[in-house]
Every structure is written in C-alpha cells, then in structure tokens.
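Report on one structure; see the data block that follows.
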Amino acid sequence: MSSLLCRLQRLECRFTWDLKRDDTDLENLSTRLQEHIALQLGQQGALARSYSFLAYVRYLQGQPDEALSLLSQSEETTRKCYGEESERRLVVTYGDLAWLKYETGAITESQRYCSMVEETLRKFPTGPPADLHPEVYGEKGWSYLKFSRSYYQKAVACFQKALALQPDDSEWNAGCAIALYRMESRPTSSQDEKSSPAVKQLRRALQIDPNNGVLSSMLALKLLNFYKHREAEDLVERALRAEPDNPHVMRYVAKYLRIRIRANSCGSLQKSL
C-alpha cells in the first residue's frame, strides 16, 4: 500500500496539484463547469477537461460514483477529439482515476491506472528543458485558472511552460491570455498599450484563433483603457459575428457597452476596468 501511495504522489493530476477546497466555492465552480459542458463551449479539448474537473469537484463534494462516471466521459471525449494522439492527453485523467480508485478502495484498479500513466511517460519522454508534457502543463494551467483567483499566477506560469514547448498551440495561448487579462490591474495615465502583457498575449492568441469571440471581447475591453475606441468596436463586432450565442461573449460585450454608454454620458471615458 505504501508503495502504491508513493507512485500516486508522483502523478501529475488534480489530486496532487494542491487545489484546496477552502480556496473556492465548490457550488459555483460546479455550476460553471456544468454550463460549459451543456453549451459545449471552447475548443475541442475543453469539453474533456470540464468533465475531468467536474469529476474532481464531485469527489470533493463526497460523490465518488458520479466522479468516476465523469472521468469515463472525459476519457471517451478525449479519444473522440484526438484519436491516435490521445495518449498524452489522458495522462492527467488517468492520474485522477488512479487517485479516485485508491480513495474508494479499488486498489488493483488504482495500480492499473498508475501503470498506464507510467507506461505513457516512458513511451513519450519529455527531455530537457521540459519537466512535463505541454498537455500536462496546459491542463494544469486551466485547472488553476478555473479553480480560484488566488491561483492565477500559477496558471500563467503553467501556460508559459506549455507555450515554451508548443508556442503556436491555440489552447495554451488562449489560457495564458485569459489569465493575464484577469490578473492585470488598471493602467495609470502614463502607461500605453505596450505596457500591457495581457494586450500583447490577447493579440497573439487571436492571431492563432481569430474567431475566438471571448478573446476578441476581452481585447476590446482592454483597449478601452488606452482609448483605442475604433479597434475596440471592431473587435466587439467580430466577437458577436463569431460567437453570438456564447454567454461569456455576451457578458464581456455587455460590460463594454456599459462603459461606452457611461463614458458618453459623462463626456469622457472613465477608466472603469
């Protein structure tokens, strides 16, 4: 048993990423993940990640059977999305399964999933300078980003490590952009657009995924800080054309419109972000 526990502790998964339940509102997180699954938002791997993350939430809520079902859905979705390239994408999911089986007393099954992870890592060694596969860094980044505001810096660090290995990956670029957007404070009057890491990363992410409405609406909001009204308006229009039914796009666009209306009524744009 102690040998198995040592193997489990070496796995990279949500059970080993120090996601403390007191740092988040589990009901709110559950609702957001269920919404994401119902609307099937985001890129092809996002749905599988949402199933896995919701499984971890259900474990924290004392619902291991539902957690196991959700992890099975995550595995099935990953295989449908990535086909023959699924193995490295399943490292985190199998790590979660190994831990969940251990916690529920299914020791043989836990050992089996541990072995599956270890075999994948032997088959696909990372090599210097990487410690982990980019897929693991990316999934870790998304987990930190969604779990709690206090984990945003960790999310950025994970996405940057993933991007060092896969600089053109749209998912890691988008995740890094969103984390920087949420972290960045309001600029001072002496700062310009070039001083904003979030603006730079949002532009980079949109180069790779130009039809991402969430990124377009986020960049529009950031550009209001720098009085780039025309470009911001164009970005809002692009976001609405690309994803008119995405509730996250609607929320950012609504915020953009509130700021513009307030600015017009006051005669000048207030730095409201």
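For this structure, a couple of remarks:
- With a simple spin-label model that places each label point 7 Å from the Cα along the Cα-to-Cβ direction, the separation between residue 109 and residue 264 comes to 5.8 nm.
- Between the stretch 7-25 and the stretch 105-140, the alpha-carbon center distance in angstrom: 15
- Relative counts (whole %) of C-alpha pair distances in the stretch 55-100, using bins that are 10 Å wide: 30, 51, 18, 1
- Principal-axis analysis of the Cα atoms of the chain puts helix 213-224 at an angle of about 40° to the longest axis.
- Relative contact order [Cα under 8 Å, 6+ residues apart], the stretch 104-165, whole percent: 29
- Ordering 33, 134, 181 by Cα displacement along the dipole of the chain toward the positive end leaves 181 in first place; charges were set at the Cβ atoms of Lys, Arg (+1) and Asp, Glu (-1).
- At R0 = 41 Å, FRET efficiency that the Cβ-Cβ distance of residue 76 and residue 200 yields, to 0.05: 0.65
- Alpha carbon convex hull of the chain, projected area averaged over orientations, nm²: 15.6
- Separation of the alpha carbons by more than 31 angstrom is noted, of 80/140; 80/222; 80/101; 20/101, for 80/222.
- The slack between residue 66 and residue 31, meaning 0.36 nm per residue of separation minus the straight C-alpha distance, is 11.1 nm.
- Between 0 and 90°, nearest 10: helix 91-103 axis offset from the chain longest Cα axis: 50
- Computed E for residue 164/residue 186 - FRET, C-beta separation, R0 30 angstrom, nearest 0.05: 0.55
- Angle in degrees between helix 247-266 and the longest Cα principal axis of the chain, rounded to the nearest 10: 20
- Accessible surface calculations at 1.4 Å, restricted to protein heavy atoms, place the stretch 59-149 at 47 Å² per residue.
The values are calculated or read from the model by the stated rules, or taken from the named source; none is laboratory data. Quantities reported herein were computed from a predicted structural model and do not represent experimental measurements. Here the Cβ is made from the backbone with ideal geometry for all residues, glycine too, and neighbour counts use every protein chain on show. Only protein heavy atoms, including side chains, enter the accessible area calculation; ligands, DNA and RNA are left aside. Shrake-Rupley method; radii C 1.70, N 1.55, O 1.52, S 1.80 Å.
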